[in-house]
Each structure stands twice: as C-alpha cells, then as structure tokens.
Amino acid sequence: MPDMKLELQVNGRKVTRRADPGQRLLDFLRDELNLTGTKEGCGAGECGTCSVFVDGKLVKSCLMPAAKAQGADIQTVEGLARPGDLDVIQKAFHKTGASQCGYCIPGMVMAATSILREAPEASLDEIKERMGGNICRCTGYSKIIEAVALARDVVTGRASPAALDPETVGDSFIGHNVRRLDAPSKVTGRLKYAGDMVMPDMLHMAVLRSPHAHAEILSIDTSEAEAMDGVACVITADDVPGKDGFGVFVHDQPIMARGKVRHVGEAVAAVAAEDVATARRALKKIKVEYRELPGLYDPEDALQPGAPVIHDYAPDNVVKHIPIRKGDIEAGFAAADLILEDEFTTQQVEHAYLEPEAGLAYVDADDVVTVISPSQNITHHRHMLSEIIARPINKVRFIMSPVGGGFGGKEDMIYQGMLALAAMKTYRPVRLVFTREESIIASAKRHPSRVKYRMGLTKEGRITAIKFDMLSDGGAYGMSSEGVMRKAAILSCGPYEVENLQVDTTAVYTNNTPSGAFRTFGGMQAQFATESMIDIAAERLGLDPFEIRRRNMMRAGSLTHTQQKLDSASIGRVLAAAEAASRWEPGAPRMRGPERGDLGGPGTRAPCTLGARFEASKDGKERVA
Amino acid sequence: MLTFDRYEMPATLPEALALWADAPAGARLVAGATDILPWAREGRAGDVDLPLGIDLSRVAELQGYERHGGRVRLGANVVWQDFLDTPELARWLPVMPYCAVWFADDQIRQQATLAGNLVNASPAADGTPPVLALNGELELCRWAGDHILCRTMRVEDFVTGPGATRLAPGELVNSVTLDCADGYGASFQKVGQRRSLVISVACVAALVKLDETGTRFADVRLALGGVGPVPERLRDIEDRLKGEPVDARLIADAAAATAARVASRSRIEYRRRVVPGFVRAALEEAADRARKEAAHA
C-alpha cells in the first residue's frame, strides 16, 4: 500500500498523518480521524451522506482520493458548531423536525450550509435545486426544505432568531411541533450508527455471495483464504453449533447457505480480517463448487405440478395461503348489474434506506455473545440466535443501534448470525458494513404481486361481491411473507363494506431475492388493485369516484372483511378532506388531461426543470446567464 | 473498491507526461475521480487494484483558461462548476452554464472536469453536445523523450464510439478550445428520470444568433446526445434554419426531422417521441434568449 505524508487542516486544526494517498477522503476522515459524522450511503456519489467542504467547496468525499486534499482546509459536520452547541442551520433542522432516521442529515446540513454561504437569498426552488445531490428516504424532504428556508430567513434577518426556539406547549402536545429528543445528536453527526462504532482489536468482515439463483454447493474450500496474512477466520454454515434457521415466521433460512443456494446474493461464506481490503481480497481465494439447479423465477411457475422444489419442507412451494370467506359470492355476483374483471401487477421495490446494513459483534468477559445492529426486531433475533449458536438466552445479547432507515427492511436477521459466529471463533470484535450494492442484492424487497380481481356492482354503484386472488413472489426465503399475506388479505377489499367476498392471498417460493416486510406490509399492493377497480367502476357506471366510494364505505356498525364490527370509521372524513384538497371537479371520471379543471393551479407542481439560480438575484452580485 | 499500488500527484506537465510515458500496463490518469471511483464497484469493474494512479489535479499547466480572439482555451482541470461560478466563462460560452446546471449535482461539479467528461466518451455525456456546438478541439500531449509533443483534434473526430476515443498511448488531454459565442442565446435540454445525478436519455444543446433585425437566424448550432453511439452535430438542420425568419412553424418542422437521428440500442420509440420536442424547445429557448441578449446589448 502506498504511503504519503498528508498535511491538512481539519475543522480548524492541523492534521498530519502518513496515509494511503489513493484511499478516499471519506475513509481518511472516518477511519484515520474518527470523524464519523461523515457517512457512507452509497460510495458512488449518488446520496450525499459524505458531503464535506474542501477549501470552502462542498464535495462528496466518497469520490475524492485523499491525496487531492493535500494541504487543503477541510470542514466536516463536526466542525460547524462548537462541541455541545448547534449552529443556526442545525437549530433549524431541530426546530422543524427535519431529522428522522438521521443518517442523511449530516450531509443535508452540509448542503444547506453550502447554499447559505453561496446563495443566502436562495428561493425555495433554488434551495431544492441546490440540494439535488442529497437523498433522504424518511422525510419526503418537506421538513428539510422548511428547515433550510427557516435558517435562511434567520441568517438574512427576515426572521428573528427566536423563530428557532421550541414552540411553547400548553396543556397538550397535540397540534404542536414537538422537537425530537435525538435531533441534536443527529444534526451534529454525533450519533453513532453501527457502522460508525469501533472497538479495540476489531476485525472487519466481508461476505462471499452466491452468483447463482439455485445451485447445490458441492464443496467450499476456504484453506487458501484462511492462510492469508491478516485473515483471522473464515466461516461457513459448518461453523453453526446449534439448530440453524431464522425467519420472522418460518425458520427456513440458514445463517449462510447450507448445502445449496436459493438466490443470487445469498451469503455462502464470510471472512474476518484486519481490514476490509484484506477481507475482500480473501473472498477471491475461497473456492466454491456449485452444481446449478433448475430455478423458479415466476410465482405462477412455482405452483405448476412438477416445479422444482426450493425448500424440502414445502414441496408445493407455498410459503403461506390466507383465505377469507364472507357471505355468498355466487349470490352476490347474481345480484350484480355490472361485473368487472381485471388483473393488477406490482413490482419488487427496494427500501433503499440511507444506512446500509451494519453490525458489530463481540463476546464479552462473561461469555455473552453480543450483537450491535440496527435490527428492527432485536428480541426475536436474540431468541433465534440463542438456538442457532446453542447458547442459553442469558448468554446472547442484542443491542439495537440507531436505525438509519428501516421501513421493514431491517426486520430480517440476514447478517447478525455471521457476526456472532466470527466473534465466537476469534474472540475478537467483528464489524460488517454492507456496501450499497450488497444491501440491494441481499436484503428483502417489497413483494411483487399479481391480483386477479372480479367485482360485482349494482347500477347504483353498490358492490355486491368481490373475488380477490393475489399471488405474491415470496422469493427464496419466507421472511415476513406470512404476515404480509395476512395483512394483504385483511385489507384486500379496502375500507368498503362488502357483504360477499372471497379473498385468497398466497406467497410462494421462487429463486428471486426474498421478499419481506415493507411499509404497508402488503396493503399497498391490495389497495392498488381495489382502488383501481373502483375507479374503473365509477367510469363504467357514470358515477363520481368520491360518490361511489361513499356509497360503499364502512361506517360505525359495519362488518369488516374479517367480520369485526366497527365502532367507528373515518373514511367519510378522509374522502371529504381529499375531495376539498384536490379541488375535485365533480362528475364521472370521463374527462382526461387538460380538459379537467382541477389539474394545474394552486397546490399542483409545475413541470420539472432546473435553473432557479439563473433568476435575477437581489444581492447585486453578477450572476451567470 | 479501488486501490492503487502507487499514487502520484505531479506538479508540472512534463512530470505528468514522463510518468504516463513510463506507466505500467493498467495505470490510469485521474482527473476529477468522480467516474473512476464509482466504476470500481460491484456490478461494474468490481474491486480493482491499479498499479499506478497519476492524479492530474495539481498539474500547473492544466489550470485556468484564457481567451485568444474568438476562441477560449480551457485547461483540462477546468471543472463543471466553473461554468456557473465564473461570469466571464458564462458570457463567452453561454451554453455551458445551462448544461452545467443539469450535470450531476452541485458537489460533483466541483470536482468533475469537462475534459474528463469528453475522454470518458459516454454516448450520454452531457458535455459533448455543447462542445460539438462550439466547434471544440482538444490539445493532446505526450512525452517524446525530452520534450512535449502536442497535436490538436476536433472533438467530433476524437470520440469514436461508446467509451472509445482517438487518445493514443501516452497521451493526455491538455486543453479544450471552444468558440466564444458572446451574444448568442443558448439552451440545454435534457430528459432523464430526475433532475440531479441522472444519465441523459436524450440531451440537446442549441445556440442561436439573430441578425441585426432580431427576426432571422444569423447562426444556429445544434448538437444531440444520448440517442446513438456518439453525440452528433446536426448541421443539416442548422443550414436549413440559417438565414430564415425565426418562426415557430419552421422550428417545429426542422425539429421533427430529428426523430430519424435516434440510433440507440434501447427505448428507441420513446426517444423518437421526445427528441423532436426537446430540439424544438431548445431552439425556441435559445432564440428567445438571443432576442433578450440583443435587447440587452
């Protein structure tokens, strides 16, 4: 590894280090200087969690070799305010509730700082445009933009500094902006996520992943990797001392592939080494012999007779089937004036939380195997790991680190077991930080679904019967599929009272990336189908879409699809609010596009373009164009 | 993950060229580094260990810009943000700020160079169409044992295909020279999936100069990117418009002809539908700005 004397100013202090000049400035700041407020979200310049000032210019430190910062003046998020203090922008982020998971926030604060330095009078459009290089997945950006505008107004004297103070709350918190307790640690970059944590003598893990979707593992030879300088251990499924298998409902997933791989990206082996580069180099020395097996890539194929079997325990490839029956659909369809049939498909979706999966495991002095990770389900993980490593529950500990965005995607124990095994094998702390690509290839996704829909209605728009049949791609492992199917079934026919229904939701195994929990947990796929059907019905029956919904909506006393009697229902108020807010033009939805009076105007967004900064500025400085 | 066995930061052009002349196979020049680092990742090149990286960002001869008559010479280290932050460059090269604002994002523009964008030769490069429109030329230099040998080449001839150029072994781009287009109205249009950090599905650069009456096209420059293996200058359309009155109908007719230029490998139908609209919008906006420019002068 090359070595250069790097001399620079970091947050006002002189720093001299011998370091690899070709490493990224991001790694230099995080690993050499422990300035972990600068995050890594993608490593490819796409997300902006690593933004820092170099000689006053904001750059993405994941795209800058450290040598380029030779002699430069660097400012990171830690250098914006005095320790324990917040600057105006940080206070504004605190005030508006701009930080949620917090992982993007140091980068957002840096981008906001750059705007107020470069263009203190920036309009809202210009603020949005200049923050285009920073991605957030929690907030929808509104509160972040609100924070930048508030800070701008205070800096330019348009608002009093008192605008940054917390709102006075009287007897009730309801109706007030209450500041988050954890915001100061997030806006300053002080909060340590799992990937920011270090322990003395810590090892770094890298994971070998399957290039095949479905293949038998004939052999794994780790000897060459194990013999490498700097490698502490290599683990495979053979290192699991107890009963292997985890999952939110069915424990069908081994810590690492056992005997065969079931999807591209499945963990096959893992290396713990002195540094990440060594661990990654060692992966190339592991020899795995595979025998490819016929795979399943479409859920329809999984149900065909004679289809390849992915898990021996489920010869029909069904993860879970949830049926709901209510009333008599034959009678319901017989009473219908109009019967509609259609099919709706939705695609796989990645959560793309800004914090890639990360964890740190160690065996403590009392032999307690401890795993720190942003797990969304630590108690369940603890119980499962105790069986997998054959240790009593009091010798297994899970510590939940701050979750840098989860949205359901961090409910599955897809890497914590590997960390525990490596820590047990080496008795040293072991850390694993996924790359963005690894997070996308290995973590669960939203279920792709197909709904075959049949709906009967009277001329007046009353639903007489629904037949709802959803087939979902569960991917290679069960994960949350059972719960997702249950929720999809319960919510299937929407907030409408339907006397006769037949609902079936089924998730099947395929050799695609596993599907799991994701915000709405199956509800989104079902609602897309149901609401689309109702819109189609409104058009066919010449009814206003709000009106047809009102004619069918659940009310106090209604029986839900699972026959629970409701004490109250709010859909009527929701419809009224939506109708008013959208300035809906009443009537059957036969008009499209520019003929409609409710398109355009206040509350709608102009076509997407750029160039707000070219508008005349008030500061009198010469601006381009 | 990108690692280098050696990483050099030459301070002068002779030093850089001498290093490059003796570089081992697999060595790379590093300009802004905004493309090489994402390249060395899973799904693209994977983990890469390079024997040598020659970082050009401190080479004195590659810094800055100067104007010579009707041409401006940009050192290879001029970064994209310079077109937004340097009023002089924005005035001389009026299409560049409009292109720059669509290029990556505010932060990457602080590092990414125009020269690097041209050398990468992506069919969707945002930088190539405006450079073609401004009759861009590159100065290519190499070390000839005891002195520097340079040649110039039109960018139109330099880019030969996706990722392919006429850069010879041992050569590097020393400068990019462009027409000064003071008084032209300019436009850059781009379609992509979002505003920042997006690869162009199609992009177009237009420059328009009006005659003294402000009603006729005195000069038109038009170039298209993202719709074929190499960005293309649309001279036939330029010729069709030159001398004609600025007229919405004429612009629309001329723009309609550009659909036939789409020669991409994918999304051909979509591109054929959007390209004429973007060419029309670019010409109209450029003409409009040329009018304002004339009123200003």
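Here are the numbers:
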read-out: Lone qualifier among B:Leu241, B:Leu250 - being free of Cβ contacts under 8 Å to residues at least 12 places away in the same chain and either among the aromatic types (Phe, Trp, Tyr) or surrounded by 15 or more Cβ atoms within 10 Å (Cβ to Cβ) (or both); value: B:Leu250
read-out: Options A:Arg130, A:Arg180; residue that is closer than 16 Å to A:Phe93 by Cα, crowded, with 16+ Cβ neighbours inside 10 Å and not aliphatic (A, V, I, L, M); value: A:Arg180
read-out: Any chance A:Thr168 is at pLDDT below 95 and under 18 Å from A:Phe93 (Cα atoms); value: yes
read-out: Answer from A:Arg130, A:Arg158, A:Arg180, A:Arg137 - the residue that is of a type in the set (D, E, K, R) and more than 26 Å from A:Glu355 (Cβ to Cβ); value: A:Arg158
read-out: All helices (runs of 4 or more DSSP H) inside region A:516-599 with 2 or more residues being at pLDDT below 95; value: A:571-581
read-out: Selection count where residues are at negative phi, aliphatic (A, V, I, L, M) and under 10 Å from the mean Cα position of the chain (by Cα), scope region A:343-361; value: 2
read-out: Within region A:468-515, tally of residues that are part of a strand (DSSP E or B) and over 20 Å from A:Arg325 (Cβ atoms); value: 6
read-out: Residue within region B:58-78 that is in contact (Cβ under 8 Å) with a residue 60 or more places away in the chain and within 9 Å of chain A (Cβ to nearest Cβ) present; value: no
read-out: Tally, over region B:101-118, of residues that are in a loop (DSSP other than H, G, I, E, B) and either facing chain A (nearest Cβ under 7 Å) or hydroxyl-bearing (Ser, Thr, Tyr) (or both); value: 6
read-out: Entirely in region B:174-228, the strands (runs of 3 or more DSSP E) that have 2 or more residues that are within 14 Å of chain A (Cβ to nearest Cβ); value: B:185-191, B:202-210
read-out: Residue match in region A:361-381 (condition: of a type in the set (A, V, I, L, M, F, W, C), buried (at least 21 other Cβ atoms within 10 Å of the Cβ), under 16 Å from A:Arg431 (Cα atoms) and in contact (Cβ under 8 Å) with a residue 60 or more places away in the chain); value: yes
read-out: Condition met for A:Met110 (modelled with pLDDT of 95 or more and crowded, with 17+ Cβ neighbours inside 10 Å); value: yes
read-out: Count - residues of region B:253-297 that are of a type in the set (A, V, I, L, M), surrounded by fewer than 21 Cβ atoms within 10 Å (Cβ to Cβ) and touching a helix residue (DSSP H, G or I) at 6+ places or on another chain (Cβ under 7 Å); value: 3
read-out: Enumerated strands (runs of 3 or more DSSP E) restricted to region A:288-402, each holding at least 3 residues that are among the β-branched types (Val, Ile, Thr) and at pLDDT 95 or above; value: A:318-326, A:338-346, A:369-373
read-out: Test: residue in region A:78-87 that is basic (Lys, Arg) and within 14 Å of chain B (Cβ to nearest Cβ); value: no
read-out: Qualifying residue in region A:568-584 (condition: crowded, with 17+ Cβ neighbours inside 10 Å, in contact (Cβ under 8 Å) with a residue 60 or more places away in the chain and away from every other protein chain (no Cβ under 14 Å)); value: yes
read-out: Complete set of residues in region A:5-28 that are under 26 Å from the mean Cα position of the chain (by Cα) and among the aliphatic types (A, V, I, L, M); value: A:Leu26
read-out: Qualifying residue in region A:161-169 (condition: in contact with a helix residue (DSSP H, G or I) (Cβ under 6 Å, 6 or more places away or on another chain), over 23 Å from A:Leu610 (Cα atoms) and assigned to a loop (DSSP other than H, G, I, E, B)); value: no
read-out: Search result, residues across region A:24-55 that are facing chain B (nearest Cβ under 8 Å) and either in a loop (DSSP other than H, G, I, E, B) or hydroxyl-bearing (Ser, Thr, Tyr) (or both); value: A:Gly43, A:Ala44, A:Gly45, A:Glu46, A:Gly48, A:Ser51
read-out: Selection status of B:Leu84, in contact with a Pro (Cβ under 7 Å, 6 or more places away or on another chain), within 11 Å of another protein chain (Cβ to nearest Cβ), over 20 Å from B:Asp106 (Cα atoms) and modelled with pLDDT of 95 or more; value: no
read-out: Sole residue being charged (D, E, K, R), over 24 Å from A:Gly461 (Cβ atoms) and either modelled with pLDDT of 90 or more or assigned by TED's automatic domain parsing to the domain that holds A:Glu126 (or both), chosen from A:Arg613, A:Arg623; value: A:Arg613
read-out: Cβ pairs under 7 Å, 6+ apart, first in region A:84-101 and acidic (Asp, Glu), second surrounded by fewer than 23 Cβ atoms within 10 Å (Cβ to Cβ); value: A:Asp87/A:Ala81
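The values are calculated or read from the model by the stated rules, or taken from the named source; none is laboratory data. Predicted model, so just to flag it, every value in this text is computed and none were measured. Positions of Cβ are generated from backbone atoms using ideal geometry, with glycine treated the same way; all protein chains shown enter the neighbour counts.
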